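**Student:** Just passing along the structure, written as structure tokens.
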Amino acid sequence: MAIALTPWSYRKGSSPLHRLPAGLKLAFLLLLSLAAFFPSLFVLSGIVLILILLSFAAGIGPAALLRGSGPLLLVVLGVFLFQAVEIFPLGFKLDGLLETAIFCVRIAAAFAAGALLFSVTTPGEIRKSLNKAETALRLEKLKLKLSLSLSLMLGFLPLFFEIWEELNLAWQSRSGKKRLSRLAVLVPLAVERMMLKAAETASALEARAGNS
């Protein structure tokens, strides 16, 4: 029986994507994420096709890239349904349904691009790549520590899904159902844990700076 891995988690492998420089993967997949919102269905279709091909090249598969995207897409659909309800007179309008479906595809494409990046690249590789870019651009003289800030920010993305998976397992162990009430309970808990983790990381960095 295959083990379902945490969304946006690194998957060991020796595929061509795994061996590519982290900086190249970061720049390319970031561009794909941004291009997914370009107002062209042709561009969007091309991005989806590229992500599907890259997922197979990485030995992952497109379905694995979308794991964990359900709650996000559910929120988008929920917003549409809320706006579609008319009170006076009571009714339901379907205007914008197609646009909402396309927007969901755009969100899913951006999500899959991020998932693909972290599936074939470790946080350490991303940090080293950002350090090299900072040195090449001579940004370290500004003492802004941009590479450290960016690597920490990127590192918190897969961390969120680790926390979310833990909360989901705890919810299911208590016989919790997969309903909208689950989001109302788990989202605040996930945000709280992320804030605590951010505070712990900041304290660790301050202690390290004080000892150096």
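Every read-out reported here was derived from the displayed coordinates using simple, explicitly stated rules and does not represent laboratory data. Computed from a predicted structure; not experimentally measured. Ideal geometry is used to build each Cβ from the backbone, glycine not excepted, and the neighbour counts take in all protein chains shown.
**Student:** Could you compute the FRET efficiency for residue 131 and residue 85, with r as their C-beta to C-beta distance and R0 at 35 Å, rounded to 0.05? Could you put the intermediate results ahead of the total?
**Tutor:** Details: r = 51 Å, r/R0 = 1.45.
With R0 = 35 Å, the Cβ-Cβ based efficiency is 0.10.
**Student:** Now, a different point. Anything over 27 Å Cα to Cα? Flag those among 12/177; 12/132; 12/128; 12/197, in the order listed. Mind dumping the intermediate values first?
**Tutor:** Details: 12/177 33 Å; 12/132 24 Å; 12/128 18 Å; 12/197 25 Å.
The pairs that break the limit, which is 27 Å between Cα atoms, are 12/177.
**Student:** Ok, one more. Hey, what do the phi angles of the stretch 40-47 turn into as Karplus ³J(HN,Hα) couplings, whole Hz, using 6.51/-1.76/1.60 and θ = phi - 60°, x for Gly and Pro?
**Tutor:** Result, rounded to whole Hz: 8, 5, 5, 5, 4, 4, x, 5.
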